[in-house]
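The values are calculated or read from the model by the stated rules, or taken from the named source; none is laboratory data. Fair warning: this is a prediction, and the values are worked out from it, not measured in the lab. Using ideal geometry, Cβ is built from the backbone for each residue, glycine included, and neighbour counts are taken over all protein chains shown.
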Amino acid sequence: MNRPRTSSRAALSFFLSLSCVALAAQAAGTTRSVESLLQELKSAGIEVIYNSTIVPPELQASVDELPDDPLRAASAALRAHGLDLRQIAPRHYVVVRVAAAPRAAPPRDAILAEVSVYASRFAIDGRSLAEPMVLAGPEINLVPGTHDDALRALKALPGLASNVSARPYIRGSLSEDVLIRYDGITLLDPYHLKNFQSLVSAIDPAAIDAIEVFSSGFPVQYGTRSGGVISMTAPSLASGYENRIGASAISAGASTLGRTNKLPLEWFGAIRRSTLDLLEPVEDSLGQPQFSDSLGRLRWETPKGAWTAGWLLLDDELDLGAADDEELAHARYRDEYLWLARDHRFGSALTTRFSAVLTTAERERDGTVDAPDVAVGSLHETQEFDRFELTNAWSYEASASSSYSFGAELSMTHSDYQYRREVTFSPEVAAAFDRDAHDALQTAIRPEAITYAVYAANRRAWANLEAEFGVRVDAQDFDDLGQHTQVSPRLNLRYDLSRRTSLYASAGRFTQAQHIEEWRVEEGQARADPAQSSIHSVLGLTHETTHAARWSVEAYSKRWTRISPYFDNTLNPLSLLPDLAPDRVRLAPTASEATGLEINGRMPLFERASGWGSLSWSRVADDFQGHDVLRSWDQSVAMSAGFAWEGSRLSLSALGGWHRGWPSTPYVLTQPSGTSPTSIALGTRNSDRWKNYFTLDVRGAWTWRFTRGDLQATLELTNATNRANPCCTALEESAAGQSLTAETENWLPIIVNLGFVYRWRNE
């Protein structure tokens with residue numbers, strides 16, 4: 001244990017040295033870039049949407065002529081160049097040209113009548129050249145079928161595939177390969193019903209100001225995951241408060257958001273508890289699973305920045321299955337996140353953010369399966385882990401055309417696993433799936449890890465070209481279980497063909513070390529895997545018309561040159577106890593690749609209405625010694641289209657999605673004959689496909705407005721046509737208990753959610 005302590009001291013020393021060096025790099029001048037003024041608003045909790053076409057990096061403002069207030073200073077600097085800030089939501093602005101036709105800003109309690117499917121810009125803060133897709137807080141509420149879950153709104157975005165789970169697959173990556181951040185803090189597993197499809201995220205829509213998604217080619221400040229990034233910002237108000245209580249067939253909760261008049265203090269808090277058994281679409285008669293969460297933060301503003309303290313608590317108590325079911329499961333989960341962050345400005349050119357995060361988790365899962373013609377067994381698993389993380393990020397405006405970002409990260413994690421499994425398969429089933437008739441494993445392990453990272457990037461701008469080159473170095477020390485280091489260079493380019501058309505490209509290496517909480521204890525893993533490594537390549541074109549329509553086309557490739565083994569269930573991914581299922585398979589590909597082409601569009605249709613849509617062709621496959629096998633979530637062709645309209649009281653939206661059926665494994669079930677029992681013969685894994693998938697989600701809301709508040713009733717229909725979308729094959733005993741049967745199961749049936757929300761506010 002001496003080496004980790006020594007490494008920890010070395011890392012802390014480097015961490016402090018980096019801060020000291022950056023502090024010495026302050027710059028002075030009589031002018032500063034307009035972009036840096038917009039950056040200051042972010043530190044004050046104000047989000048500004050713009051791109052570097054309308055606000056180029058060389059745009060300058062005179063420091064002597066600017067007021068002290070950051071918002072007024074940014075507005076004055078923009079007006080000097082024929083631009084201005086237009087408010088689109090509380091503490092949420094967009095940069096517009098003054099010459100454009102005047103347009104009244106929506107009231108504070110209005111919901112925007114559009115969903116941004118693809119943002120033709122490079123980041124909310126204008127710092128990165130990677131192209132994110134963004135959903136603003138008001139837009140999240142318009143996506144039908146979210147059912148009180150902010151992350152389910154991501155299904156409106158292209159390049160994301162999902163099933164009943166709230167976890168998306170981003171451009172072919174495993175769902176666990178996605179980095180999730182809230183308020184700049186990394187969340188390791190912010191989902192309820194873990195091990196049971198993660199059906200609900202822990203993020204209440206009331207806790208979101210915007211969600212930003214990177215599906216490929218993300219900047220160097222985002223590390224540790226190689227599949228994609230989901231970054232969420234917390235809400236804020238310029239003054240006053242807004243409280244909310246709500247209830248629906250899914251959950252009930254309350255939230256509060258506001259800012260004091262006498263103190264520079266801003267607060268947000270939300271608490272939520274489940275009201276419906278969400279697992280019913282997966283399996284009938286599943287008991288009464290319960291979950292709750294609480295999320296919030298306090299922000300104390302200072303003349304040069306702000307202090308932020310936040311928390312996220314998750315708690316699940318699940319008893320799944322009825323007494324006469326073949327599968328019974330019990331689970332208990334509790335996750336706690338606590339963080340403290342400091343945002344600080346050193347003059348006009350240098351800003352920093354320092355954060356400390358403590359994460360603890362307790363997880364327990366056990367269950368039994370009792371189907372003698374298939375499997376009989378039991379499972380018991382417990383896990384505890386704790387993680388302490390320090391991060392320090394800096395940005396420096398070297399000149400009007402050059403800026404730098406750099407930072408360091410350090411984390412220390414400890415976990416304690418206890419795992420016990422014993423299952424016996426019927427001879428016919430064991431033979432069909434190439435399994436031992438009796439499978440037993442008992443293991444205990446206590447892995448520890450210290451991880452480090454440093455990164456730096458330089459962004460430069462010319463007349464029509466911008467380039468950002470960055471490099472990231474990650475290292476892990478698993479004590480006696482392995483030491484690894486990875487280097488990840490990344491390049492992003494953008495060329496403006498015209499004022500409304502841009503060509504962009506990115507290429508880079510993305511690595512992903514195994515997290516301690518991801519240990520494959522079900523196979524008795526004893527040493528850490530080498531870090532996964534993938535190469536992302538992106539080429540895209542965006543165009544915005546004079547009528548505010550936006551179109552984009554993007555080709556991408558993700559090539560994993562090193563990938564960790566993972567588990568999949570060949571026939572039934574929705575099993576309550578997948579560890580005890582005979583179709584459980586360990587996959588260890590030598591390489592993998594995801595390629596695709598996406599066409600996306602968004603346009604205003606008529607007053608207060610907009611439409612959006614996407615069309616994509618893609619392929620994701622694992623390579624096993626030169627033989628390609630499609631991943632189970634490959635969807636070669638996919639289309640989606642949406643519509644949103646908002647009136648003074650009524651708002652309507654609809655989202656339709658279609659994709660080619662996901663891969664399936666063919667099988668032949670032979671009925672018993674004489675003394676011969678039922679047998680099953682499997683074909684080549686994922687060589688067939690399920691029926692094509694289609695769903696239509698609709699949403700309608702009516703609002704009663706009062707002097708200082710409003711009451712809104714919302715009706716949502718998921719899979720409104722009640723289409724049966726087959727997904728899986730469940731092996732079961734026959735009714736007589738003397739033979740084997742196979743039953744095809746479907747994804748979600750029609751789900752109706754009626755909810756009410758009352759808000760009251762004080763300006």
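A few notes on this one:
- Pairs with Cβ under 7 Å, 6+ apart, first in segment 151-171 and at negative phi and surrounded by 24 or more Cβ atoms within 10 Å (Cβ to Cβ), second among the acidic types (D, E) and in a loop (DSSP other than H, G, I, E, B): A166/D149
- Selection within segment 667-689: residues that are part of a strand (DSSP E or B) and within 30 Å of the chain's Cα centre (by Cα). The member of this set that is farthest from A432 (Cα to Cα) is R689.
- Qualifying residue in segment 175-192 (condition: assigned to a loop (DSSP other than H, G, I, E, B), of a type outside the set (G, A, S), within 20 Å of L313 (Cα to Cα) and more than 14 Å from the chain's Cα centre (by Cα)): no
- Members of segment 420-463 found to be within 30 Å of T224 (Cβ to Cβ), in contact with a Gly (Cβ under 8 Å, 6 or more places away or on another chain) and of a type outside the set (V, I, T), listed by number: R421, L441, A453, Y455, A456, A457, N458
- From the list D628, D710, the lone residue that is on the phi < 0 side of the Ramachandran plot and without any contact (Cβ under 8 Å) to a residue 24 or more places away in the chain is D628.
- Elements of type strands (runs of 3 or more DSSP E) in segment 565-610, at least 3 residues being at pLDDT 95 or above and crowded, with 18+ Cβ neighbours inside 10 Å: 591-606
- L587 being of a type outside the set (V, I, T) and either under 22 Å from the mean Cα position of the chain (by Cα) or more than 18 Å from N686 (Cα to Cα) (or both): no
- Qualifying residue in segment 173-195 (condition: closer than 23 Å to I49 by Cα, at pLDDT below 90 and crowded, with 24+ Cβ neighbours inside 10 Å): no
- Residue check for T665: touching a residue at least 40 places away in the same chain (Cβ under 8 Å), among the polar types (S, T, N, Q) and more than 30 Å from P427 (Cα to Cα): no
- Number of residues in segment 221-266 that are closer than 30 Å to R472 by Cβ and either more than 22 Å from the chain's Cα centre (by Cα) or surrounded by fewer than 16 Cβ atoms within 10 Å (Cβ to Cβ) (or both): the value is 0.
- Applying the set (1) free of Cβ contacts under 8 Å to residues at least 24 places away in the same chain; (2) closer than 26 Å to D568 by Cα; (3) not aromatic (F, W, Y) to A742 leaves exactly one unmet item: (1).
- Among (1) among the hydroxyl-bearing types (S, T, Y); (2) modelled with pLDDT of 90 or more; (3) part of a strand (DSSP E or B) - the single one Y504 does not satisfy: (2)
- Considered as a group, the residues in segment 549-564 that are in a strand (DSSP E or B) and hydrophobic (A, V, I, L, M, F, W, C) include one that is modelled with the highest pLDDT, and that residue is W560.
Residues checked against (1) crowded, with 20+ Cβ neighbours inside 10 Å; (2) part of a strand (DSSP E or B):
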position: E468; (1), (2): yes, yes
position: R472; (1), (2): yes, yes
position: P489; (1), (2): no, yes
position: R509; (1), (2): no, yes
position: S534; (1), (2): yes, yes
position: V538; (1), (2): yes, yes
position: T546; (1), (2): no, no
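- Residue within segment 693-711 that is surrounded by 13 or more Cβ atoms within 10 Å (Cβ to Cβ) and touching a helix residue (DSSP H, G or I) at 6+ places or on another chain (Cβ under 7 Å) present: no
- Being in contact with a Ser or Thr (Cβ under 6 Å, 6 or more places away or on another chain) and free of Cβ contacts under 8 Å to residues at least 60 places away in the same chain is a property that I599 lacks.
- Segments classed as strands (runs of 3 or more DSSP E), wholly inside segment 224-277, with at least 1 members that are without any contact (Cβ under 8 Å) to a residue 40 or more places away in the chain and of a type in the set (D, E): none
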